[in-house]
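The values are calculated or read from the model by the stated rules, or taken from the named source; none is laboratory data. Please read all numbers here as calculations on a predicted model, not as lab measurements. Cβ coordinates were reconstructed from backbone atoms using ideal geometry, including for glycine residues, and neighbour counts include every protein chain displayed.
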Amino acid sequence: MKACIRSIRVLAVLLALLAGGASAYSPVALAQSAAAVQSPEQFFGFQMGADRKLANWDKLQQYYQALARASNKMRVVELGKTSEGRPYLAIFISSPANLARLDHYRQANARLADPRGMSEAEAKKLITDAKAVIIQSFALHSNEVAASQAAAEFVYDSITRADEEATRMLDNVISIVAPSINPDGTQMIADWYMKYVGTDHEAAGLPWLYQKYSGHDNNRDGFALNLPESQHLGKLMYRDWMPQAYVDHHQMGSGNARLYIPPYAEPIRPGGDPLVWREMTLYGAHMGTKLEAAGKTGVIGSAIYSGWGHMGFHWITPFHNIAGMLTESASARLATPMFMHPDQLRGGPRGLPTYETQTTMPSLWQGGWWRVRDIVEQQKIAAWATVDLAARNRETMLWNMYLKGIRQTERGAAGAVKAYAIAADQHDRQTVKKLANMLLASGVEVHQTRGQLIVEGKVYATGSFIVSMAQPKQGLVRWMLGRTFYPDNTYTRDLEGNPIRPYDMSTDTFGEFMGVKSDPIGVTVTGDLVKLAANVPMAGTVAAGAPNGYVLDGRLNDSFSAAFLLLDKGIAVRRATQPSSDGSVKTGDFLVAAGDVAAIAKQTGVDFNALKAPITSGAFALRKPRVAMLQRYGGGNMDEGWTRLMFEQFSVPYKSIMDVEIKAGNLESKYDTIILPADSIAAMTGERPPQGQGGGGGGFGGGGADNTPAEYRSGFGAEGVKALEAFVQKGGTLLAFANAGDLPIQRFSLPVRNIVSGLPSKSFWSPGSTLRVNFANSNPLAYGMPAEGLALFMAGGQVYAVTSTDRSQDVEILATYLDRDILQSGWLLGEQVIAKKAAAVSVKHGAGKVVLIGFRPQHRDQTHGTYKLVFNALLNGPQGAAASTTTAQQ
Ligand SMILES: [Zn+2]
């Protein structure tokens, strides 16, 4: 039987090659090609998804290259390298004739995606000679192991199937497959799993992050595009191809439905074109029908995953006018089969109240063995249904693309907010430019003012940015720059009225994360504007003739970057503790000795202005900081990983340390500051094993007892707590983010408490919101911050009250929530609980201090607006000075 199928496939390949163009007529080429199109099973020696087998990325990419050499229906393009230097691939699948005109179709597609100025007649003409473009990505979350394996079979089937469906697909669709959008993790997980398969440690979770910086959070980067992997996919999707649909294939927990398919459950995030939501329903219906026809049970839509999610690729794409979707299969234990009894199957969140049939899940899976092969088959059918629907409805999908672009542009032009204006000369003008560049990276149109511009009575300096809403991606602009609120209704509260946690954050307003103000404008902005064609340049200047040295603006994040580089080079840097009499130096500015600074100015974009007069007092010298950050096993800590990436971007010198080094003590001899990224006491000390990446323990990796090999368990225990306290008492700084603050508060008996700890959600609730705070910016720990700004508060965050009167003087308050109207964007219940309370404090403890930042000052490498609080804690303040004033400067 198998041989028979193979010969049919060879025949199919021969027929396809004959149809494919002149070169295929060469008998030599024909023979070679036919012999070389190997099935995954032939190439890897096992069927994709076979029990206890995983192909790693090294082999998978060799396979795709081999297929591309043998087939004229696919082309492999390396989009760039991954975080760890592996090739990041996109595979273009279509008929040979289409592949020969790939750039022509790309341009036609781009024109339909931004159809401003195009008549309906022109659009219809263009559509006759355009192809539907579909992007599907696999294996983003590496411990959801099936997708990297399923992609190989999907690609193979796409180029070898010769039935009517396949022919139609190749003729009508450009199917772009990103076979692993985290190749590093695909390699890590397969190698890890295969190392331990057959031992007591089989299917143990990977002890570290499966993406160098982000781990499971790698799908929270669809706008910031911090990771190289996101940059590649972002360019492919938002700028080069703008597909009509995008599907990302994932796995979920093991305990309810077998497969989630589109559309999403309630609530949805508004502001996208309604057609995208209708299209998702169409794709989901086609997937569901194909899956049911193939006898796959337990497939559910309109459930579990709400349409208001994070700004990862599949959830942000609707605002690019792309039907952005995901599938989520029930997991096994990595590649190890899992047995489920019927009574282990339950209802699920959002739209599956009990485990019974319903219109969105007409057949039930009855339990039994669940294998990676089951997932591979589901994903193949869902992926095929996606391209099949587009092939059957090519004209409709392309016409929809035109309509979406036209209508979103019209809505933007007619809306109350017609544009956002971003002033060039606000607090951190470098970060303003970074925001503009991020918008460009997402394919948003941005204009810059060439001279001073007055809009609605406000003067905008030269170089300010105007983002018009009269553009196809206005939905995205609205979520990135506008103030936004999470809905509070029956979809977001349970039957007892308790708020239901959003899938991720309750706001994603990027301008607010970055500390950059965007003004909503109610009129059409006209004036001397130039459309940005490339990134705003950020090379800094160096003043000629600076006998007193230079001054760097302490309000810029990049000035800290420059300071770290200067200190590394041995150039003297001081920090001003008061303004100069002529106003040219502000408190917190950096004073730099004369020296060779040109390269640093260029690299950081910071202007090195001449210091007008020597400054002999009112400044303290900086030393090159000795920074350590805690790293742990147990799946790794994503907050730690993102912080590393932020440190690399800002040239912060640091060393990652683990439990062994902490327990050894004598930390003060090596480090000035030790950072505890957001984490629980249990995860840091090892008193309880931490939750794995992806959380919930529901079958992503281990499930059940933790069978991690002993050498990959970590936790510094009571001994480490003692060593950390000794480090502080001898003069060190311990910097803790969010819930990591529990460790010093509880174990060092600090004179503060977290006042939101243990509060019921009805009393206090802020799941990823931007909150308004005052910063005590005359304190060196808050130098460079504005007097008022925003803090990103997440579940598990902390708010502080001083508990002791005899030690009250040891506490300095660095940031305080406003007395009212605290919520900027997101969702906040119980505002009065935190009004006027401390958001960040520094507590003197022995000769050193503990800095507690109760919110997320560097969340996912996105909250640029509060990075300076982190940097300040690394730069040792004035020796012995009790800079305790809380007066803010403007
Ligand atoms: Zn996932």
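Values computed for the structure shown
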read-out: Number of the condition not met by Val652 [criteria: (1) farther than 30 Å from Val606 by Cβ; (2) crowded, with 19+ Cβ neighbours inside 10 Å]; value: (1)
read-out: Boolean, Asn777 is crowded, with 24+ Cβ neighbours inside 10 Å, in a loop (DSSP other than H, G, I, E, B) and not basic (Lys, Arg); value: yes
read-out: Hits in the stretch 434-472 - residues which are under 30 Å from Ile322 (Cα atoms) and among the β-branched types (Val, Ile, Thr); value: Val444, Val446, Ile466, Val467
read-out: Selection count, the stretch 134-153, where residues are within 21 Å of Gln231 (Cβ to Cβ), in contact with a Ser or Thr (Cβ under 7 Å, 6 or more places away or on another chain), outside any strand (DSSP E or B) and within 12 Å of the ligand (Cβ to nearest atom); value: 2
read-out: Matching residues in the stretch 180-233 - criterion: being in a loop (DSSP other than H, G, I, E, B), more than 24 Å from Ala683 (Cα to Cα) and either touching a helix residue (DSSP H, G or I) at 6+ places or on another chain (Cβ under 9 Å) or within 16 Å of the ligand (Cβ to nearest atom) (or both); value: Ser180, Ile181, Asn182, Asp221, Gly222, Phe223, Ala224, Leu225, Asn226, Leu227
read-out: Meets criteria (assigned to a strand (DSSP E or B) and touching a strand residue (DSSP E or B) at 6+ places or on another chain (Cβ under 6 Å)) for Val525; value: no
read-out: Set Ala3, Ala97, Ala35, Ala16: member being over 36 Å from the mean Cα position of the chain (by Cα) and modelled with pLDDT of 95 or more; value: Ala97
read-out: Neighbours by Cβ (under 6 Å, 6+ apart or cross-chain): first from the stretch 786-805, of a type in the set (S, T, N, Q); second part of a loop (DSSP other than H, G, I, E, B) and buried (at least 24 other Cβ atoms within 10 Å of the Cβ); value: Gln798/Gly854
read-out: Pairs, first free of Cβ contacts under 8 Å to residues at least 24 places away in the same chain in the stretch 320-335, second β-branched (Val, Ile, Thr) and near the ligand (Cβ under 10 Å from one of its atoms), C-beta under 7 Å, six or more apart; value: none
read-out: Residue within the stretch 239-261 that is within 16 Å of the chain's Cα centre (by Cα), crowded, with 24+ Cβ neighbours inside 10 Å and of a type in the set (Phe, Trp, Tyr) present; value: no
read-out: Any chance Gly368 is small (Gly, Ala, Ser), away from the ligand (no atom under 16 Å from the Cβ) and modelled with pLDDT of 95 or more; value: yes
read-out: Any chance Glu356 is under 30 Å from Thr128 (Cα atoms) and either surrounded by fewer than 16 Cβ atoms within 10 Å (Cβ to Cβ) or touching a helix residue (DSSP H, G or I) at 6+ places or on another chain (Cβ under 8 Å) (or both); value: no
read-out: The lone exception for Asp129 - which of (1) surrounded by 24 or more Cβ atoms within 10 Å (Cβ to Cβ); (2) under 23 Å from Tyr238 (Cα atoms) it fails; value: (1)
read-out: Residues located in the stretch 148-172, provided they are without any contact (Cβ under 8 Å) to a residue 24 or more places away in the chain and either charged (D, E, K, R) or surrounded by 24 or more Cβ atoms within 10 Å (Cβ to Cβ) (or both); value: Asp163, Glu164
read-out: Filter pass, Arg632 being modelled with pLDDT under 95, away from the ligand (no atom under 16 Å from the Cβ), on the phi < 0 side of the Ramachandran plot and charged (D, E, K, R); value: no
